[in-house]
1. Around G357, with a cut-off of 15 angstrom between Cβ atoms, what is the net charge of the other residues, counting Lys and Arg +1 and Asp and Glu -1?
2. If the elastic network links every pair of Cα atoms under 10 Å, which of S53, S173, S295 fluctuates the most in the Gaussian network model of the chain?
3. Suppose R0 equals 35 Å; then what is the FRET efficiency for F262 and K114 from their Cβ-Cβ distance, rounded to the nearest 0.05?
4. Note down the relative contact order for the chain as a percent, whole number, built from C-alpha pairs under 8 angstrom at least six residues apart.
5. How would you rank 388-394, 105-111, highest first, on the average number of other Cβ atoms within 10 Å across their residues?
6. May I ask you to give the solvent-accessible area per residue for the range 1-65, in square angstrom, as obtained with a 1.4 angstrom probe?
7. Compute the length gained on full extension between Q4 and D269: take 0.36 nm times their separation in residues and subtract their Cα-Cα distance, giving the result in nm to one decimal.
8. What pairs in K221/K317; K289/K341; K30/K395; K36/K69; K69/K114 have C-alpha atoms more than 29 Å from each other?
Amino acid sequence: MSLQGKKIILGITGGIAAYKMNFLVRDLLKSGAEVKIVMTKSATDFVSALTLSTLSKNKVYTNFYDENKTWNNHVELALWADLMLIAPCTANTLAKISSGICDNFLMAVYMSAKCPVVIAPAMDLDMYAHPTVIRNLQTAESFGHQIIPAEFGELASGLVGQGRLAEPSTILSVLEKQFSDAESFSGKKFLITAGPTYENIDPVRFIGNHSSGKMGFDLAKEAARRGAEVILISGPSAEKIAAKNITLLHVTSAQEMFDEVFQYYEIVDVAIMSAAVADYAPKVKATEKIKKNESELTIELIKNKDILGTMGEKKSKQFLVGFALETQNEEQNAKEKLIRKNLDMIVLNSLRDEGAGFANTTNKIKIFTPAEERSFSLKSKEAVAKDILDFIEEKL
Ligand code: PMT
């Protein structure tokens with residue numbers, strides 16, 4: 001595996017392991033990558049910007065402006081990159097990442113980056129075990145960043161324990177994997193649903209639910225990042241998406257979602273139904289606004305078509321994934337839906353778990369197939385989307 005043509009920003013912070021970056025930069029260039037380096041001021045105390053500039057064959061950035069007072073554009077640099085690696089990452093920079101403190105050029109580049117971010121921490125063993133570092137690593141992970149854990153061994157303090165920066169060869173393989181992931185669904189077509197459905201009562205009112213669409217949009221982004229061609233069918237949502245291999249189709253009601261899904265179902269390899277579809281719709285949709293004359297109003301509801309159930313009935317080559325949003329008897333209900341709707345896999349999220357389900361930016365899931373089950377911790381929806389797609393990748 002090579003990194004031919006990949007553009008990498010290496011952010012170096014002030015730790016003794018910074019010297020290892022000389023070797024990593026050499027290996028990255030050998031592997032075909034183009035590397036631009038950003039150093040914090042304290043990193044320059046440990047390793048020379050001149051050495052790194054010579055090895056990377058590029059200018060090294062240490063501040064918002066150079067000695068001749070020309071401005072370094074952090075946004076342009078961040079958008080140039082296919083990946084940003086922060087190594088070694090000190091406890092200090094990790095804390096800034098987790099809380100958004102932007103007080104140096106490296107942090108400004110990091111906060112402007114849209115590419116995947118990989119963080120390789122290094123510090124003394126007690127610092128690495130400190131609750132704040134553990135929490136900040138979890139926070140960084142919840143942002144969707146990949147962490148390369150520090151290794152066990154002799155540390156600069158003379159102590160022995162976990163805290164050593166991962167070896168350059170390990171960091172290189174992690175970066176190669178990041179890029180190979182980007183092609184893992186290449187040639188595959190995905191159909192993903194997202195968001196709520198709105199069932200009109202009259203021209204101004206509807207029956208809906210709290211789905212924001214984020215879970216489905218994050219799944220679409222991650223599938224597209226891995227090379228899939230994605231058809232994303234979304235109910236009303238404020239989420240935005242822009243990628244050349246995603247086609248976004250807007251619908252409002254469950255019936256419209258049903259119609260749109262079956263325009264494409266036959267041609268897709270994987271279908272993931274994360275939309276929160278209304279089970280019932282008003283039997284009659286009033287053509288004029290209903291006036292508030294009576295003290296009570298009864299709206300008769302009729303059952304909507306079960307989109308996922310119908311997909312299960314018509315399944316041929318598709319790998320079919322359903323979601324289950326439950327409030328009680330979660331596992332039993334999810335497993336029952338898995339079988340009844342003829343699914344290959346179901347993702348359970350429970351409203352009883354704090355931070356899971358609707359509208360949150362986080363989710364906590366459990367995956368079931370007819371043969372196995374796997375639990376995941378509370379994570380950002382971006383990270384949950386990665387877990388779901390890793391699982392699907394294993395099964396395909
Ligand atoms: O959008 P977010 O705010 O990010 O929130 C994400 C989410 C909570 C909406 C999402 O993670 C989720 O759980 N989606 C499924 C919600 C749901 O409708 O669950 P359900 O258990 O009622 O339905 C089971 C499955 O059948 C779902 O895959 C659903 O898409 C599908 N279904 C349901 C009814 C229907 N008429 N047709 C369907 O296809």
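The values are calculated or read from the model by the stated rules, or taken from the named source; none is laboratory data. Note that the structure is a prediction, hence the values are computed from the model and not measured. Note that each Cβ is placed from the backbone with ideal geometry, even for glycine, and that neighbours are counted across all protein chains shown. Side chains are part of the model used for accessible areas, which takes the heavy atoms of the whole protein and leaves out ligands, DNA and RNA. Shrake-Rupley method; radii C 1.70, N 1.55, O 1.52, S 1.80 Å.
1. Local net charge: +1.
2. Maximum among the listed residues: S295.
3. Once the sixth-power term is evaluated, E becomes 0.55.
4. It comes to 11 percent, rounded to a whole number.
5. 105-111, 388-394
6. Working: 3010 Å² over 65 residues.
Per residue, the range 1-65 has 46 Å² of solvent-accessible surface.
7. Between Q4 and D269, full extension yields an extra 92.4 nm.
8. K289/K341; K30/K395
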